[in-house]
1. Go through (1) at pLDDT below 95; (2) of a type in the set (A, V, I, L, M, F, W, C); (3) in contact with a Lys or Arg (Cβ under 7 Å, 6 or more places away or on another chain) for PHE25 and report which single condition fails.
2. Tell me, yes or no, whether region 153-173 has at least one residue that is touching a Phe, Trp or Tyr at 6+ places or on another chain (Cβ under 8 Å), at pLDDT 95 or above and more than 29 Å from GLU35 (Cβ to Cβ).
3. Name the single residue, out of those in region 73-102 being crowded, with 16+ Cβ neighbours inside 10 Å and within 16 Å of PRO58 (Cβ to Cβ), that is nearest to the chain's Cα centre (by Cα).
4. Looking only at region 60-70, count how many residues are in a loop (DSSP other than H, G, I, E, B) and either buried (at least 20 other Cβ atoms within 10 Å of the Cβ) or basic (Lys, Arg) (or both).
5. Does at least one position in region 100-109 carry a residue that is more than 28 Å from LYS133 (Cα to Cα), modelled with pLDDT of 95 or more and in contact with a strand residue (DSSP E or B) (Cβ under 7 Å, 6 or more places away or on another chain)?
6. Which residues, counting only those in region 37-59, are surrounded by 13 or more Cβ atoms within 10 Å (Cβ to Cβ) and either touching an Asp or Glu at 6+ places or on another chain (Cβ under 6 Å) or of a type in the set (Ser, Thr, Tyr) (or both)?
7. Can you run down the residue pairs with Cβ atoms below 8 Å, 6 or more apart or on separate chains, where the first is in region 109-129 and more than 19 Å from ASN159 (Cβ to Cβ) and the partner is modelled with pLDDT under 95 and not in a loop (DSSP other than H, G, I, E, B)?
Amino acid sequence: MKTLITILLVIVSINLYGQISKPQFDGHAWKAPYELPIPKGWTIERFLIPISFAPQIPYKGVEDIRFTPGWSKATSDEYWSYAFLWYLDGEVKMNASTLNNNLKVYYSGLVKSNGRSLPRITPVVTSLKETKKDNGDLQTYVGTIQITDYMSQAPIMLNCKAHVKSCPGENKTFIFYELSPQSLSHKVWSGLDKLWIDFRCKK
């Protein structure tokens with residue numbers, strides 16, 4: 001009996017050690033296996049998927065964000081202009097319904113996590129439709145996302161482009177989102193578009 005108890009204690013100790021010693025994800029130290037430019041003056045953020053504020057989105061991977069220099073400055077043409085890549089494990093099937101639902105869940109969670117002091121949060125409305133394929137995409141989507149701007153505490157509508165891509169020999173799916181309240185003809189989009197134009201599957 002003593003031997004059995006000893007074995008059980010050892011197993012529990014090993015399990016606890018494994019949980020405690022598991023390294024935390026460091027987004028700035030993480031070495032991406034792909035090439036996604038970081039233009040001068042832009043900032044980045046990376047975190048793991050499933051996403052803490054949107055755990056209902058059922059994927060595993062990494063989110064890799066590119067913020068324009070003026071993305072948080074209300075007086076800048078670049079306000080709320082940024083892009084992010086989902087680097088996902090496996091072959092992820094995508095369509096307009098799934099994409100819109102993912103974005104609705106994502107921005108509902110994002111606004112809630114950042115807008116705890118907001119007197120009222122309006123429901124997120126997403127409206128993206130599949131369009132002509134761009135830059136070797138498997139699928140390309142364009143549309144709008146209406147959210148509560150937790151910085152200005154007012155409603156805002158973001159124009160959005162979404163690109164779905166896979167790379168030969170890799171069991172990965174890439175989904176790249178570009179966002180800005182500016183019209184699609186505004187110059188801010190040339191910088192966002194260039195990120196995807198210069199994207200490479202491997203470094």
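1. (3)
2. Looking through region 153-173, at least one residue is touching a Phe, Trp or Tyr at 6+ places or on another chain (Cβ under 8 Å), at pLDDT 95 or above and more than 29 Å from GLU35 (Cβ to Cβ).
3. Taking region 73-102 as the starting set, the residues that turn out to be crowded, with 16+ Cβ neighbours inside 10 Å are 78-88, 92, 94, 96, 99-100, 102.
Keeping just the survivors that are within 16 Å of PRO58 (Cβ to Cβ) gives 86-88, 92, 94, 99-100, 102.
Working: TRP86: 5, TYR87: 9, LEU88: 10, VAL92: 15, MET94: 15, LEU99: 12, ASN100: 14, ASN102: 10 Å.
Checked region 73-102; the qualifying residue nearest to the chain's Cα centre (by Cα) is TRP86.
4. First pass over region 60-70, keeping only residues in a loop (DSSP other than H, G, I, E, B): 60, 68-70.
If we keep only those that are either buried (at least 20 other Cβ atoms within 10 Å of the Cβ) or basic (Lys, Arg) (or both) as well, we get 60, 68.
Total meeting the criteria: 2.
5. yes
6. Answer for region 37-59, where residues must be surrounded by 13 or more Cβ atoms within 10 Å (Cβ to Cβ) and either touching an Asp or Glu at 6+ places or on another chain (Cβ under 6 Å) or of a type in the set (Ser, Thr, Tyr) (or both): PRO37, THR43, ARG46, PHE47, ILE49, TYR59.
7. Partner pairs satisfying both residue conditions: ILE121/LYS112.
Per-residue answers, yes or no, for (1) of a type outside the set (Lys, Arg); (2) without any contact (Cβ under 8 Å) to a residue 40 or more places away in the chain; (3) farther than 25 Å from SER117 by Cα:
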residue: THR144; (1), (2), (3): yes, yes, yes
residue: LEU158; (1), (2), (3): yes, no, no
residue: PRO168; (1), (2), (3): yes, yes, yes
residue: LYS172; (1), (2), (3): no, no, yes
residue: TYR177; (1), (2), (3): yes, no, yes
residue: SER180; (1), (2), (3): yes, no, no
residue: SER185; (1), (2), (3): yes, yes, yes
residue: CYS201; (1), (2), (3): yes, no, yes
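The values are calculated or read from the model by the stated rules, or taken from the named source; none is laboratory data. Because the structure is predicted, anything quoted here is derived from the model rather than measured. Here Cβ is always computed from backbone atoms with ideal geometry, including for glycine, and neighbour counts include all displayed protein chains.
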